[in-house]
Every structure is written in C-alpha cells, then in structure tokens.
1. Just the C-alpha atoms of the stretch 126-209: what Rg/Rh do they give, with Rh taken as the Kirkwood radius?
2. If packing is taken as the average number of other Cβ atoms within 10 Å across a peptide's residues, how do 226-233, 176-183 rank, most packed first?
3. Over 21 Å, how big is the tail of the calculated P(r) for the stretch 134-291, in percent of all Cα pairs?
4. Under 5 Å between amide H atoms, partner at least 5 residues away or on a different chain: which partners does residue 189 have, H built in plane at 1.01 Å?
5. Where the centre of each part is set by its Cα atoms, how far does the stretch 147-193 sit from the stretch 206-245, in angstrom?
6. Under the Karplus relation 6.51 cos²θ - 1.76 cosθ + 1.60, θ = phi - 60°, what is the ordered set of whole-Hz ³J(HN,Hα) values for the stretch 158-174, x standing for Gly and Pro?
7. So, for the stretch 188-296, what is the accessible surface per residue at a probe of 1.4 Å, expressed in square angstrom?
8. For residue 152 and residue 235, what is the calculated FRET efficiency with R₀ set at 25 Å and r taken between the beta-carbons, to the nearest 0.05?
Amino acid sequence: MKQSQSEPAHKRTGSSSDSMRYRSRLHPTWLLLAAGLLVLGPLACCLACEQAAGVQQKSATLKTAQAAPSAPCPAATWSYPPRDPTLHARAMAVWRVQQIVAAAEAQNHFSDRATPDKKTLNSATEESQDSPVTTLVLTDGQTPLRGRWPGSADQLAVYLLANWPNPSFTVPVNELARYYLYYCNEAELRADLLWAQMIHETAGGSFTGTVRPEQNNFAGLGATSPEESGLLFPTAEAGVMAHIAHMVAYVYRESPVGWANPVVDPRFELVQPRGQVTVLADLNGRWAVPGINYGQSIEEIARLLNAHFSR
C-alpha cells in the first residue's frame with residue numbers, strides 16, 4: 001500500500017518521455033508559424049505603407065490641380081471666342097492672331113528675308129513718329145489728317161447742336177462725340193476733322209440722303225448710289241470705329257491700332273493702295289466720287305468748329 005501511495009510523480013502525471021514526445025510533435029508547427037510571421041509580417045507592412053502613400057500622393061495631386069488656375073489653350077482662345085463679343089473685342093482677337101502668325105513667320109524665315117533698304121526704313125520711321133497736337137486748319141484742303149486734336153467731346157457736341165439742333169442719331173450727341181474723340185486719338189487722326197466729315201456726310205445728323213439714322217453709318221460707307229444705302233452697324237460705337245478704320249486705311253500703310261481691320265470695317269481691304277491720303281483734298285475722288293471739293297468742304301466745317309471756341 002505504501003508502495004502505491006508513494007509512487008513517483010511521473011507515474012501520476014505521465015512519464016517525462018511522453019511529454020517530450022508531445023512537445024517534439026508540436027515544435028515544427030510553431031516553428032513554421034513563427035517563420036511565416038517573421039517573413040510575411042514586414043512585407044505586408046511595407047505593402048500597406050506603399051498603398052497608403054500612393055493614395056495620399058494622388059489626393060495631394062488632385063487638390064493641387066483643383067486649386068491651381070487653369071490656363072486657357074491658345075488655340076481654344078482663337079477658335080471659340082466669348083459669346084456675343086463686342087466688335088472691339090472681335091477686332092482685337094483677329095489682330096492678335098495676325099500678330100502671332102507674323103511672329104512665327106518672322107522666326108521661321110528671318111534668314112531668308114532681304115534687308116530693308118533705306119527708303120523702307122525712313123518710311124517706317126516717319127509712320128512711327130508721334131502725331132502733333134494741333135487745331136490748325138489750312139486752306140484749299142491742305143489740312144493734314146494725322147495728328148491729335150486737343151479739344152473735348154463736349155466741344156464737338158456743342159458745335160453740332162448749335163448748328164443742327166435736332167439730330168437723329170441713335171445715341172446722344174455727347175456720347176457720339178466721346179466715341180469720335182477716343183478712337184481718333186487711338187488712331188492718331190484728328191477728331192475735329194473726322195467729326196467735320198461726319199457732319200458733312202449726315203447733314204449734321206439730319207440724314208437727308210439715302211443713309212438712314214438706324215444704320216449707324218456716319219461716313220456713307222458703301223452708299224455708292226441712290227439705290228444703295230450702304231452698310232449697317234449694330235451700334236453707334238461700331239459705326240464710329242468703322243468710319244475711323246476706313247480713314248486709317250487711306251492714311252496709313254500699316255494700321256497704327258489693332259482694331260483698324262476688315263472686322264471693324266468691311267470695306268477696309270477695298271482701299272488699295274494703302275496710305276495714299278495725307279491731307280483732306282486727297283480724299284477727293286477717293287472717299288467720294290467724283291468728290292469735287294469733298295475735302296475742302298470738310299475743311300470748312302472744321303475751320304468753323306475750331307473758330308467757335310477761339311472767340
């Protein structure tokens with residue numbers, strides 16, 4: 001009995017050899033799991049980090065693209081102008097395209113072009129000189145068209161209303177005068193002379209000829225016969241710009257302003273050759289046919305206009 005009560009512990013709990021066999025049977029499995037964790041764990045962490053970094057970079061790029069202002073494509077700018085652009089804006093767009101094309105041609109063919117002669121250089125220099133500021137009116141149609149008139153739009157309007165008190169323009173006389181003064185100064189043409197021409201052509205805004213007031217045609221553009229009333233312009237400003245652009249074609253070989261082109265004046269390219277008019281008398285037989293004393297008549301109106309404010 002004592003023997004049974006005092007039997008060794010390994011008899012009660014299992015022999016040490018059985019325990020060792022059990023442990024040795026589980027040991028390879030735990031070893032494989034541990035090895036898998038050691039190898040795959042860091043790899044999985046790296047992949048997760050790379051994926052997170054990629055998502056973060058894409059998000060940052062998208063935010064940057066949304067925040068940055070988008071620059072318009074030059075081709076789209078010219079091909080798709082704004083809806084219902086003003087006449088001035090369309091004219092400037094055409095001019096910019098022409099400048100881009102000219103610059104590209106100059107860059108590609110500069111070496112093939114001949115050096116301009118002295119006469120060409122002198123004429124270019126003459127056209128680039130600042131026009132004089134003057135109110136001088138000569139006689140016999142010899143008053144030059146180039147220059148800047150120092151008067152105001154109010155003076156132009158006051159003179160017209162003092163002599164033709166009920167004009168039929170589509171805008172107030174002061175507004176029409178402001179258009180003439182502004183665009184004539186830009187084109188370096190005398191506003192008093194072109195205002196005088198407008199008075200001559202429209203009979204002081206009475207429109208007693210074939211051109212009607214709603215045409216906004218202040219210089220008889222296209223009115224070549226009693227049956228042909230001439231061009232129609234959508235606004236008074238458009239009509240003023242066309243008048244001045246047409247004079248630019250007569251006075252300048254190269255337009256001094258970008259908006260003086262066929263978009264503004266549909267008859268612009270009919271003036272050939274360009275730059276043949278220097279003084280008012282040169283308009284005789286050109287602007288008006290036969291146009292006898294046409295320039296002299298304009299000159300007389302301009303003389304009375306300037307005398308009106310020099311008393």
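The values are calculated or read from the model by the stated rules, or taken from the named source; none is laboratory data. Predicted model only: the values in this text are computed from it and were never measured. Here Cβ is always computed from backbone atoms with ideal geometry, including for glycine, and neighbour counts include all displayed protein chains. We work out accessible area using only protein heavy atoms, side chains counted, and drop any ligands, DNA or RNA first. Shrake-Rupley method; radii C 1.70, N 1.55, O 1.52, S 1.80 Å.
1. Working: Rg = 13.3 Å, Rh = 13.4 Å.
Taking Rg over the Kirkwood Rh, I get 0.99.
2. Values: 226-233: 15.4, 176-183: 22.4.
Peptide ranking by packing, descending: 176-183, 226-233.
3. Numbers: 5061 of 12403 pairs.
Percentage above 21 Å: 41.
4. 147
5. What the calculation gives is 16 Å, centre to centre.
6. Here the 3J(HN,Hα) series is 4, 5, 4, 5, 5, 10, 10, x, 10, x, 10, 5, 7, 9, x, 4, 4 Hz.
7. Details: 4080 Å² over 109 residues.
Averaged over the residues of the stretch 188-296, the accessible area is 37 Å².
8. Values: r = 22 Å, r/R0 = 0.89.
Efficiency, rounded to the nearest 0.05: 0.65.
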